[in-house]
Amino acid sequence: MSTSTSVTTAQQVGSVRLAAEVEIGSAANDATFQGSARGTRDGRLKLGGIPTFSDPLEQRQWMKEHMAAAFRYFGKLGYGEGISGHISMRDPILKDHFWMNPYAKHFSLMKASDLVLVDDKGYVTEGGAQSPINEAGFMIHSEIHKARPDVVAAAHTHGVYGKTWSAFGKPIEMLTQDACNFYGKVSVYTKHGGVALSQEEGREIAAALGKDNFACILQNHGLLTVGHTVDAAAILYSMLENACHGQLLAEAAAANGIPKQIISHEAAQHTADFAQNPHNLYTEFQPEYELVVEESNGKVLQ
């Protein structure tokens, strides 16, 4: 399949349907998204955004390839640690099923064919790799997918900066333009109950995430991000991890008497209005996707 969907010369019409309850307007007609780039004078050259599919099996394979690439991206950034960390993705055909990573497989080795299809009870089904999955991962992710039908993918790992900042039980501040990607869309879960091996813990995390946030800081645990695509969930995760890193550095400087300057509501909202666009979040991940495919000689797609 094509490894680049960032630019198109043919306008998409209609809308992109990502799940039973998720429908996003076409990228070609999205003025906010198209306003981030400049093409030809006649407007013929446009950003591609999230692609459309007429064949659901083709869409499923495309989604799995991007999910496998998201894992390899996480591996490159050092987010893998033993058996911890998981990404889930709602299946476009079996709406109550979702894909997860196999238990104890390194993120950096993930291929599309390694992904496991599980039902709404968390049991491995036919159609994907026949491998066990992480129980805690299912408990968290299944409740998120139940509570948020708009969410196609969710990502959670134990990145160093995210889990360190989570110890404060506070949201990030709008210290930089990049932090504004999360303006009004990040919550905090303060009731840490240890390894999430119960559905109740998963339900509480889903409730803390809220109805329209796309990120949650899990106190004493780590970060959680969700998206309309697995691409969005992955890039949001690394963006939030970086924002936590910056926050920790700023706190250290502030402790020595250097005051922080917080971005105003107006400026933060202006940035967020563009940055939080689903087509933009998808596109943000495409350079990483293409690099992963290139570096793996296409093996990630197998």
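The values are calculated or read from the model by the stated rules, or taken from the named source; none is laboratory data. Here the structure is a predicted model, which means the values were calculated and not measured. For neighbour counting, all protein chains shown are included, and Cβ atoms are generated from backbone atoms with ideal geometry for every residue, glycine included. The accessibility values were calculated without ligands, DNA or RNA, using every heavy atom of the protein model including side chains. Shrake-Rupley method; radii C 1.70, N 1.55, O 1.52, S 1.80 Å.
Checking Ala254, Ala267, Ala243, Ala233 one by one, the residue that is among the hydrophobic types (A, V, I, L, M, F, W, C) and free of Cβ contacts under 8 Å to residues at least 40 places away in the same chain is Ala254 and no other. Taking the criterion of being buried (at least 19 other Cβ atoms within 10 Å of the Cβ) and either polar (S, T, N, Q) or out of contact with any His (no Cβ under 8 Å at 6 or more places or on another chain) (or both), the residues of segment 220-236 that qualify are Thr225, Val226, Gly227, His228, Thr229, Ala232, Ala233, Ala234, Ile235, Leu236. Residues in segment 166-184 that are assigned to a loop (DSSP other than H, G, I, E, B) and among the acidic types (Asp, Glu): Glu173 only. Taking the conditions exactly as written (within 20 Å of the chain's Cα centre (by Cα) and more than 30 Å from Phe274 (Cα to Cα)), does Phe138 satisfy them or not? Yes. Would you check if there is a residue in segment 96-114 being more than 18 Å from Gly159 (Cα to Cα), touching a residue at least 24 places away in the same chain (Cβ under 8 Å), touching a His at 6+ places or on another chain (Cβ under 8 Å) and not acidic (Asp, Glu)? Yes - at least one qualifying residue is present in segment 96-114. Only one entry in Lys211, Lys191 is touching a residue at least 40 places away in the same chain (Cβ under 8 Å) and charged (D, E, K, R), namely Lys211.
Restricting to segment 70-88, name every residue that is outside any helix (DSSP H, G or I) and in contact with a strand residue (DSSP E or B) (Cβ under 8 Å, 6 or more places away or on another chain). Lay out the reasoning, then the answer.
Step one: list which residues in segment 70-88 are outside any helix (DSSP H, G or I), which gives 77-88.
Within segment 70-88, Tyr79, Gly80, Glu81, Ser84, Gly85, His86, Ile87, Ser88 qualify.
One residue stands out in segment 287-302 among those that are assigned to a helix (DSSP H, G or I) and in contact with a helix residue (DSSP H, G or I) (Cβ under 7 Å, 6 or more places away or on another chain): the one that is nearest to Gly75 (Cα to Cα), namely Val292.
Could you say whether any residue in segment 250-266 is assigned to a helix (DSSP H, G or I), crowded, with 16+ Cβ neighbours inside 10 Å and under 18 Å from the mean Cα position of the chain (by Cα)?
Restricting attention to segment 250-266, the residues satisfying the condition of being assigned to a helix (DSSP H, G or I) are 250-254, 265-266.
Okay, now just the ones that are also crowded, with 16+ Cβ neighbours inside 10 Å, so 250.
Right, trim to under 18 Å from the mean Cα position of the chain (by Cα) and you get none.
No, that holds for no residue.
Confirm whether Ile205 is of a type outside the set (Ser, Thr, Tyr), under 24 Å from Met67 (Cβ atoms), outside any strand (DSSP E or B) and open to solvent by less than 10 Å² (accessible area, probe 1.4 Å). Yes; evaluated as a whole, the condition is true for this residue. Residue count for segment 237-249 under the criterion of being aliphatic (A, V, I, L, M), over 29 Å from Lys64 (Cα atoms) and either open to solvent by 50 Å² or more (accessible area, probe 1.4 Å) or touching a Gly at 6+ places or on another chain (Cβ under 8 Å) (or both): the result is 1.
I'd like the full set of residues that are more than 20 Å from Gln219 (Cβ to Cβ) and surrounded by fewer than 22 Cβ atoms within 10 Å (Cβ to Cβ), limited to segment 149-173.
Once the filter is applied, which keeps residues that are more than 20 Å from Gln219 (Cβ to Cβ) and surrounded by fewer than 22 Cβ atoms within 10 Å (Cβ to Cβ), segment 149-173 yields Pro149, Asp150.
Scoring Ile262 on the criteria (1) without any contact (Cβ under 8 Å) to a residue 24 or more places away in the chain; (2) more than 25 Å from Ala154 (Cβ to Cβ) leaves a single failure, condition (1).
What's the number of the only condition in (1) open to solvent by 10 Å² or more (accessible area, probe 1.4 Å); (2) closer than 16 Å to Ala153 by Cβ; (3) without any contact (Cβ under 8 Å) to a residue 40 or more places away in the chain that Gly298 fails to meet? Failed condition: (2).
Looking only at residues in segment 73-93 that are open to solvent by less than 70 Å² (accessible area, probe 1.4 Å) and over 14 Å from the mean Cα position of the chain (by Cα), the one that is nearest to Leu224 (Cα to Cα) is Ser84.
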